[in-house]
Amino acid sequence: MHILVLPGDGIGPEIMSAAMQVLSALDTRRDLGLSITHDIVGFDSLAKYATTLRPDLIERLPSQDGIILGPVDTAAYPEHEGGINVSAYLRSRLDLYANIRPARTPPGAARPFDLVIVRELTEGFYADRNMAEGNADLMATPDVAISLRKVTRHACERIARRAFELAMTRDRRVTAVHKANVFKRGDGLFLDAVRTVAREFPEVTLDDVLVDAMAAWLVRAPERFDVIVTGNLYGDILSDLASELSGSLGLAGSIMAGDSLCAAQAQHGSAPDIAGQDKANPASMILSVALLLEWLGAHRARPDLTTAARAMTTALDHVLANPDTRTADLGGPLGTTAFGEAVTLAVLAG
Ligand code: NAD
């Protein structure tokens with residue numbers, strides 16, 4: 001099982017180091033036989049190779065079973081001169097189209113909720129992945145910008161299918177989030193595709209909510225939702241909201257899954273405001289790795305990886321349940337390294 005680790009920028013190396021400590025302990029303890037290799041992307045790569053993502057690394061990506069990618073500081077990359085958006089490249093070129101983003105409160109939360117946002121990743125408003133060549137974020141004149149969105153039935157149906165499949169393993173409820181009252185064609189097509197796929201899953205209840213109302217609903221009653229399926233931009237925004245409501249962006253695990261390859265990448269960015277200070281919560285990265293193991297367990301017929309993923313999540317929950325072993329974003333006293341060590345100990349004890 002070949003896993004490629006790319007720590008990324010900002011807090012990436014710190015949270016990756018903590019997550020790798022946990023994964024190595026799990027690998028040894030359960031004899032998983034993982035073959036883990038490390039490489040660099042982002043600013044480290046830019047300094048060394050004049051590009052944030054080198055061609056020879058790109059060539060190696062499809063032969064991996066899984067990729068573990070840290071956050072990348074894309075906003076600070078040069079627009080030309082080697083500043084490739086690593087996350088966007090992986091999503092579009094490797095067709096990692098399904099972004100699975102759970103938002104679950106830590107054990108003991110006063111108001112528990114547990115939902116998953118299933119977000120389409122390869123089109124929508126993200127203009128850098130909408131064209132065969134060029135970019136759909138255009139300047140018509142120096143004072144007029146035009147951003148075009150792409151919505152295809154194919155992409156809507158496959159993301160809907162992943163959401164319904166996930167709902168079948170949970171509470172069997174899907175909520176489609178859209179803005180079809182205004183975008184009658186773009187979001188209308190999305191909604192129509194979700195309703196079409198819903199017919200394949202008669203055991204699952206489907207409802208739909210406008211994206212603006214959804215922002216209010218997530219604050220008012222997040223426990224109302226089980227699986228939320230939505231487009232690229234709405235999902236990006238709502239998942240940060242949902243994870244922060246669950247306690248912190250630092251809890252926000254996530255995978256980007258295709259049909260044969262999956263990458264773990266936490267929901268949040270490179271957090272330059274706290275980088276290098278041992279303040280970041282690595283729970284998001286650890287949970288992302290657990291989600292990757294779960295995906296590999298299902299897609300590579302490796303039930304031991306599924307069990308290992310659950311053990312990792314249980315160890316994480318065990319540490320998060322105690323306010324004294326939480327990181328600063330959750331009001332706790334631990335730094336990134338100490339939190340990683342605590343989860344590692346819990347994994348070894350499990
Ligand atoms: P951010 O997600 O990096 O940070 C937002 C806030 O959340 C900050 O206050 C940060 O300190 C906090 N935060 C994030 N992760 C945390 C963690 N694990 N523990 C504790 N606190 C955490 O958003 P930003 O500052 O707007 O973006 C920084 C850079 O990251 C930008 O270049 C942006 O383009 C990029 N970005 C990358 C990804 C990705 O790689 N998947 C996602 C979003 C943003």
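Derivation of every value follows stated rules applied to the coordinates shown; laboratory data play no part. Here the structure is a predicted model, which is why all the values come from computation and not from measurement. All Cβ positions, even for glycine, are placed from backbone atoms using ideal geometry, and neighbour counts span all protein chains on display.
Data table
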read-out: Assigned charges on the beta-carbon of Lys, Arg, Asp, Glu; the stretch 137-244 dipole about Cα centre (debye); value: 400
read-out: Whole-percent pair-distance distribution, where bins are 5 Å wide, for the alpha carbons of the stretch 139-232; value: 3, 13, 23, 20, 17, 11, 5, 3, 3, 1, 0
read-out: Overall form of the stretch 1-126 per C-alpha gyration tensor (a/c, 1.5; a/b vs b/c); value: oblate
read-out: Extreme residue, positive dipole direction of the chain, given options Gly331, Thr313, Val227 (C-beta unit charges); value: Val227
read-out: Two-decimal Rg/Rh across the chain, once Rg and the Kirkwood Rh are taken from alpha-carbon atoms; value: 0.95
read-out: Highest average packing first - 320-327, 155-162, 217-224, Cβ atoms within 10 Å; value: 155-162, 320-327, 217-224
read-out: Lys/Arg +1, Asp/Glu -1 at C-beta; the stretch 97-236 dipole; positive extreme among Leu210, Leu121, Asn135; value: Leu210
read-out: Rounded FRET efficiency, nearest 0.05, which uses the C-beta distance separating Arg173 from Ala298 and R0 of 25 Å; value: 0.75
read-out: Antiparallel content of DSSP bridges confined to the chain, in %, to 5; value: 40
read-out: Contour minus Cα-Cα distance for Glu59 and Asp128 (0.36 nm per residue); value: 22.8 nm
read-out: Burial order of peptide ranges 165-173, 42-50 (average beta-carbon count within 10 Å, highest first); value: 42-50, 165-173
read-out: Dipole magnitude of the chain about its Cα centre (Cβ charges: Lys, Arg +1; Asp, Glu -1), debye to nearest 20; value: 900
read-out: Ala213 versus Ser24: modelled label distance in nm, points set 7 Å from Cα along the beta carbon direction; value: 5.1
read-out: Ranked Glu120, Glu200, criterion: other C-beta atoms within 10 Å, fewest first; value: Glu200, Glu120
read-out: Gained length - Ala88 relative to Asp39, 0.36 nm times residue gap less alpha-carbon distance; value: 15.8 nm
read-out: The stretch 305-345: C-alpha gyration tensor shape, a/c 1.5 cut-off, then a/b vs b/c; value: prolate
read-out: Extension gain (nm, one decimal) between Arg220 and Thr51, 0.36 nm per residue minus Cα-Cα; value: 56.4 nm
read-out: Highest to lowest packing among 54-65, 229-240, scored as the average C-beta count within 10 Å; value: 229-240, 54-65
